[in-house]
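Remarks on the structure that follows.
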């Protein structure tokens, strides 16, 4: 109406033959740059991982390839694309993974043998052997599956790295569909592979994981649900009456907490983040809400509020009203601070409808943006990952495409319509813990999931004493948790503070504490 009034007032002043120029089009938050960034990548891709695999400081792309939804498809070569700068990626798939195709469901990249180089774990499905690759420097890798992974045929739905037994290295927890047909079998036990510190993993499932079988899990999360500094396990389930939480005793042995989660079936994914600023991680869950539409495959989502005691309450009605919780056949969610206001927003990746943005007002109240992405439709988004790919201070989006007949190429969207990142990092849950050794711990993130190594330029604990300040780097050990051992040459009673600077140069420090 305001535009119409302005136009009517202007018309008398226009001479014959003149035309009013159209108003400038608003830039979508994300602009499709696939053709120039990535090119053609036809295949069935389940998930995408963003990692700096060659140590040049730029984020590269890893794609887990191989179908299908309910039965094995044709094995495919996984994708590795190196970032050459200016949002242009070079296909280095065979250099990284060799020439052997597989049925990959998930790829994760972390340094598992403490040599400072990125390593890659490929979780494969339909009763196949998962694969581990050690980085050897400058983007080269060698496969060490035969010597360093548990031997066994699994149907991996998802996996996560984290130090579950607090021994200083990264372990692996695996969602396994179990033997037999994933749509009719009894499911699989959640598996635990413990790292000995050198990147050699041993299956500790029998002695450390609860016995419940999970029928068809697409997502597993390691999260400190009760703020006790250890990593608990959340396992989604499509064919169960409810999803599952396993609580960690702090030493890597887990027990089921059957009352931790609201009861809903058909959960595709969890994603943890503090949505209301109370210091506890809440959960956004995907595809486990009310059925909408006529085909029965589209559902609304849920948001669960952490009650501060390590359990969750359904906050969907209060935080995510139906007008903004439209419901599609959705697959995944990832957090970011889309408006640089210091709270966590998120993107929902959809198989059947538009990928969309949810804006958080800082208290957990969510509103939807349905036209956040420009370009051709993305009808087959199975996975999504976020990072600043070109160093402009804005979060970009990479989509893994598959399953849908029109989904062939992965998609890359540049965040040209987003504000630059100007929000300082979030630093909470800072404490000095004594068991099993004196350690400084904190939860540090940029309101983005997951937290990736190249997104930080400095994460340290500063020590003040004897008239000087010294610092010790903190190390990530899962979820958004970081830690550093109390140095032997620092007095048992000392003043310290935790500080972090993100890749965009935004810095924050927690209040000083004395121990």
Checklist entry - When a footprinting reagent is the concern and you count Cβ atoms within 10 Å, what order do 87, 118 take, fewest first? => result 87, 118
Checklist entry - For 225, 359, what ranking results if the residue with the fewest other Cβ atoms within 10 Å of its Cβ goes first? => result 359, 225
Checklist entry - Quick one: length gained pulling residue 431 to residue 457 fully straight, 0.36 nm per residue minus the C-alpha distance? => result 7.2 nm
Checklist entry - How much length, in nm to one decimal, is gained on full extension between residue 202 and residue 94, taken as 0.36 nm per residue of separation minus their Cα-Cα distance? => result 36.1 nm
Checklist outcome for this item: Using the Kirkwood radius over Cα pairs of the stretch 154-214, the Stokes-Einstein translational diffusion coefficient at 25 °C and 0.890 mPa s, in µm²/s and rounded to a whole number, is 202 µm²/s
Next on the checklist: Please state the shape class of the stretch 31-414: rounded when a/c is under 1.5, otherwise prolate if a/b exceeds b/c and oblate if not, all from the C-alpha gyration tensor.
Outcome noted: rounded
Next on the checklist: Compute the distance from the alpha-carbon center of the stretch 276-306 to that of the stretch 46-71, in whole Å.
Outcome noted: 26 Å
Checklist outcome for this item: Expressed as a whole-number percentage, the relative contact order of the stretch 390-443 with C-alpha contacts under 8 angstrom and at least six residues apart is 27 percent
Checklist entry - Which whole number of Å³ per residue matches the convex hull of the alpha-carbon atoms in the stretch 42-171? => result 110 Å³
Checklist entry - If the chain between residue 151 and residue 392 were fully stretched, how many nm would it gain, using 0.36 nm times the residue separation less the Cα-Cα distance? => result 82.4 nm
Checklist outcome for this item: From fewest to most C-beta neighbours within 10 Å, the residues 105, 458, 110 line up as 458, 110, 105
Item to check | Calculated FRET efficiency for the pair residue 142/residue 294, C-beta based, R₀ 35 Å, to 0.05 | outcome: 0.10
Item to check | Relative contact order (%) - the chain, alpha-carbon pairs under 8 angstrom, separation at least six | outcome: 12 percent
Checklist outcome for this item: For 337-346, 468-477, ranked highest to lowest by mean beta-carbon neighbours within 10 Å, the order is 337-346, 468-477
Item to check | Residue-averaged 222 nm ellipticity for the chain, from DSSP H runs of 4+ at -39500 (n - 2.57), nearest 500 | outcome: -1000 deg cm²/dmol
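Quick note: the coordinates plus some simple rules give every number you see, no bench work behind them. Worth saying up front: this structure is predicted, and the values here are computed from it rather than measured. Note that each Cβ is placed from the backbone with ideal geometry, even for glycine, and that neighbours are counted across all protein chains shown.
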